[in-house]
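Student: Structure in structure tokens, see below.
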Amino acid sequence: MSYQSDLYQQVILDHNKNPKNFREVDGHSHSCDGYNPLCGDKIKVEMKIADGLIEDVGFSGSGCAISKASASLMTVNIKGKTVDEARVMFDEFHKMVVGELDTKSAKHHLGRLTIFEGVREFPSRIKCASLAWHTLVCAIDKTGEATIE
Ligand code: ZN
């Protein structure tokens, strides 16, 4: 086991056991229900957005350890960011997990989210890791429901 995969395991375990922002957001302005039929993950993202700034974000629902840990880390990393910054991070995260972005050589804004880079080795888990992000963008766009095919 490499250091990176040990760290990955530990972060997944920690966030699954003790997820951050695992709550409903009172008076939220945006929300979306995300569903990953491949694994059965269901995640609801609620946000309070004012003047293009994500003032608060929370998630609820049930899913596997990876989907929950990814949602938890996502909320920590996008809170206080602008909607445009969150979209850039979504794009980078997506490219990272499908193997189109090498976080060691390319410039990016992912910070600790690079922990999920290892997911690309497990194709069936890519959707678990990206569900929260698809649901986030859906909430920003107010499209109501997001199902990853
Ligand atoms: Zn899953």
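Student: Using the Karplus curve 6.51 cos²θ - 1.76 cosθ + 1.60 with θ = phi - 60°, what ³J(HN,Hα) values do you get for each residue of the range 16-24, in whole Hz, with x for Gly and Pro?
Tutor: Once rounded to whole Hz, the list reads 6, 6, 9, x, 8, 6, 8, 6, 7.
Student: Over the chain, what is the relative contact order in percent, taking alpha-carbon pairs closer than 8 angstrom and at least six residues apart?
Tutor: 31 percent.
Student: Hey, any idea what % of the chain's accessible area is carbon plus sulfur with a 1.4 Å probe?
Tutor: Of all accessible area on the chain, carbon and sulfur atoms account for 50 percent.
Student: Quick one: 3J(HN,Hα) in Hz for the range 25-39, Karplus 6.51/-1.76/1.60 with θ = phi - 60°, rounded, Gly and Pro as x.
Tutor: 9, 4, x, 5, 9, 9, 7, 7, 9, x, 9, 10, x, 4, 10
Student: Once the dipole of the range 3-147 is set up with Lys and Arg at +1 and Asp and Glu at -1 on Cβ about the Cα centre, which of His94, Leu7, Gly40 lies farthest towards its positive end?
Tutor: Value: Leu7.
Student: What is the distance, in nm, between label points placed 7 Å from the Cα along the Cα-to-Cβ direction at Arg112 and at Asp26?
Tutor: If labels sit at Arg112 and Asp26, their model points lie 2.7 nm apart.
Student: Quick one: if the Förster radius is 35 Å, what FRET efficiency do Glu121 and Val88 give, using the C-beta to C-beta distance and rounding to 0.05?
Tutor: 0.90
Student: For the chain, give me every cysteine whose Cβ has no other Cys Cβ within less than 4.7 Å, ordered by residue number.
Tutor: Cys with no partner Cβ under 4.7 Å: Cys39, Cys64, Cys128.
Student: With angles folded into 0 to 90 degrees, how steeply does helix 65-78 sit against the dominant principal axis of the chain? Use alpha carbons for both and round to 10.
Tutor: 60
Student: I've got another one for you. Rounded to the nearest 5, what % of the DSSP beta bridges within the chain are antiparallel ones?
Tutor: DSSP beta bridges in the chain are roughly 85 percent antiparallel.
Student: Quick one: of Lys104/Lys127; Lys79/Lys107; Lys20/Lys68; Lys20/Lys127; Lys42/Lys127; Lys48/Lys79, which pairs are farther than 18 Å apart, Cα to Cα?
Tutor: In this structure, Lys104/Lys127; Lys79/Lys107; Lys20/Lys127 lie more than 18 Å apart at Cα.
Student: Shifting gears a bit: With every protein chain left in place and a probe of 1.4 Å, what is the accessible surface of Asp26, to the nearest 10 Å²?
Tutor: Around 130 Å² of this residue is reachable by solvent.
The values are calculated or read from the model by the stated rules, or taken from the named source; none is laboratory data. In this text the structure is predicted, and so the values were computed from the model without any measurement. FYI the Cβ positions are ideal-geometry reconstructions off the backbone, even for glycines, and counts take in every protein chain you see. Note: areas computed on protein heavy atoms with side chains; ligands, DNA, RNA excluded. Shrake-Rupley method; radii C 1.70, N 1.55, O 1.52, S 1.80 Å.
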